Structures are given as C-alpha cells and as structure tokens.
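Report on the structure given below.
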Amino acid sequence: MKISKLQYITNGNSETEILEEVNAVLNAGVDWVQLRIKNKDLDVLSIAEKVKDLCENNATFILNDHVAIAKLVNADGVHLGLGDMPIQEARKTLGNGKIIGGTANTQEDCFNRIKDGANYIGLGPFRYTHTKKKLSPILGISGYQSVLNDEVTIPVVAIGGIKLADMTELKSKTNVHGVALSGLIRSTTNRAALIGSINEIWSDEQLSVSE
C-alpha cells in the first residue's frame with residue numbers, strides 16, 4: 001500500500017466535467033485520484049463506478065466520504081473529513097486492505113487520526129482556497145512546522161491552495177510527505193509539464209505503509 005506524493009482531487013460540478021477532468025489528469029501522469037462530489041444532485045454511485053473504471057490499472061482511486069459506495073464499487077479507499085463517518089467505523093465496513101485517509105487541521109486532529117487507524121492524513125489548509133467553502137484556520141509553513149513532529153508517524157499530505165512555488169519550501173522545511181491538489185492542475189494549460197515538475201520536486205521513493 002503506497003501513499004502517492006501527488007494526489008488529485010476532483011472539482012467538477014457535473015458528471016461530464018468530472019469524467020473529463022479525471023481523464024485529463026490520468027493522461028497527464030497523475031496516479032492518485034480522489035473523487036470529491038460537491039453537487040448533491042449528482043448520482044455518486046454512477047460517477048464512482050465510471051471513475052473506478054478510468055482509474056483501473058492506472059491510478060489509486062479514493063472516494064471522498066461515501067464509505068458504503070466505496071465498498072460497492074471496490075474503490076481503493078476513502079478520505080474522511082472531520083465531520084464524516086468515524087475512521088474506525090469505516091474500517092469495519094471496508095476492511096484492513098483499503099486505504100483510509102483523514103482530514104486534520106491541528107496536531108490533536110493528527111494524533112486522533114493516527115489513534116483511529118488512518119493510513120494517511122490530509123493536513124490543511126495551507127492557504128486560502130476557492131475549492132472548499134468551509135475552511136479551517138489557514139496553516140502556512142509555520143503551521144505545518146508546529147503541527148508535525150516525530151509523534152506524527154503516518155504520511156501527511158499538505159492540502160489547500162498550494163502553488164508550484166510553495167512545494168520546495170514545503171518539502172525542505174516541513175515533514176509533509178506530499179501534496180493534494182485540485183485548482184492548480186485544473187487551471188494549467190499544460191498539465192503533463194506541471195505534473196512532471198511536481199513529481200520531480202517530490203521525487204524521493206514513495207513511502208509504504210503497512211497493510
């Protein structure tokens with residue numbers, strides 16, 4: 001079980017938009033897709049099935065929040081926000097072979113995620129982002145430095161408004177494992193070149209976590 005250093009989070013508002021963006025980022029070299037569906041009118045099961053097919057043999061497929069649907073479509077795992085289903089309950093549903101990530105904003109959040117059995121943590125936001133309406137307090141470099149210490153023992157992925165220029169500092173000055181991105185990749189005209197640059201920055205061998 002590997003936790004990718006570059007995780008892509010979908011941001012489309014329709015099924016067509018979501019499938020087009022997933023196709024585009026997979027073709028550009030992304031190997032981890034988190035399907036996040038904000039439009040409550042969309043058919044999550046139908047979209048999840050299609051994204052699962054697109055990611056098959058190409059990328060790790062993580063579904064945001066919908067644990068029961070993740071089980072139905074045999075997703076690789078789920079990502080759970082602070083207000084979503086408890087990680088321990090999700091683990092009972094999905095089993096030990098699936099990846100479960102959890103959102104965190106504070107050191108206490110991180111410790112709770114580890115205690116509950118998460119495989120990785122999405123820590124943020126790094127800065128203000130338009131892709132999420134209810135933002136926790138912004139962390140910045142100093143926030144990551146204060147939150148992350150040797151007691152945070154699972155991979156931590158930075159999230160929230162991250163730009164390409166931020167990544168070298170994030171890697172050199174904090175203990176984050178990688179980054180989760182949405183708007184940066186969606187807004188560029190040459191996704192393959194951008195993803196190549198990001199992968200070069202985070203080029204150390206991926207960190208394995210126990211099954």
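A few points about this structure:
- Residue check, residue 141 free of Cβ contacts under 8 Å to residues at least 40 places away in the same chain and not aromatic (Phe, Trp, Tyr): yes
- Selection count, region 55-100, where residues are within 24 Å of residue 24 (Cα to Cα) and not aliphatic (A, V, I, L, M): 13
- Residue count for region 148-164, restricted to those that are surrounded by 22 or more Cβ atoms within 10 Å (Cβ to Cβ) and closer than 14 Å to residue 125 by Cα: 6
- Count of region 90-114 residues, restricted to those that are touching a helix residue (DSSP H, G or I) at 6+ places or on another chain (Cβ under 6 Å), closer than 20 Å to residue 137 by Cβ and part of a helix (DSSP H, G or I), is 1.
- Residue in region 139-149 that is under 19 Å from the mean Cα position of the chain (by Cα) and of a type in the set (S, T, N, Q) present: no
- Test set (1) closer than 23 Å to residue 202 by Cβ; (2) out of contact with any strand residue (DSSP E or B) (no Cβ under 6 Å at 6 or more places or on another chain); (3) aliphatic (A, V, I, L, M) - residue 47 fails condition number: (1)
- Total residues in region 37-49, condition surrounded by 15 or more Cβ atoms within 10 Å (Cβ to Cβ) and more than 25 Å from residue 92 (Cα to Cα): 1
- Residue list for region 66-75, restricted to those being buried (at least 19 other Cβ atoms within 10 Å of the Cβ) and either charged (D, E, K, R) or within 17 Å of residue 103 (Cα to Cα) (or both): 66, 67
- Among residues of region 21-49 being assigned to a helix (DSSP H, G or I) and more than 19 Å from the chain's Cα centre (by Cα), the one that is nearest to residue 102 (Cα to Cα) is 45.
- Verdict on residue 120 being aromatic (Phe, Trp, Tyr) and either touching a Ser or Thr at 6+ places or on another chain (Cβ under 9 Å) or surrounded by fewer than 21 Cβ atoms within 10 Å (Cβ to Cβ) (or both): no
- Residue satisfying condition, being without any contact (Cβ under 8 Å) to a residue 40 or more places away in the chain and part of a loop (DSSP other than H, G, I, E, B), within set 158, 118: 118
- The number of residues in region 168-193 being surrounded by 15 or more Cβ atoms within 10 Å (Cβ to Cβ) and small (Gly, Ala, Ser) comes to 4.
- Neighbours by Cβ (under 6 Å, 6+ apart or cross-chain): first from region 66-89, outside any strand (DSSP E or B); second of a type in the set (Ser, Thr, Tyr) and modelled with pLDDT of 95 or more: 67/93; 71/93; 76/60; 81/103; 82/103
- Whether a residue is buried (at least 18 other Cβ atoms within 10 Å of the Cβ), out of contact with any Cys (no Cβ under 6 Å at 6 or more places or on another chain) and at pLDDT 95 or above was assessed, and residue 102 passes this test.
- In region 50-65, of all residues being in contact with a helix residue (DSSP H, G or I) (Cβ under 6 Å, 6 or more places away or on another chain) and assigned to a strand (DSSP E or B), the one that is nearest to residue 15 (Cα to Cα) corresponds to 63.
The values are calculated or read from the model by the stated rules, or taken from the named source; none is laboratory data. Note that the structure is a prediction, hence the values are computed from the model and not measured. Every residue, glycine as well, gets a Cβ built from its backbone with ideal geometry; the counts of neighbours run over all protein chains shown.
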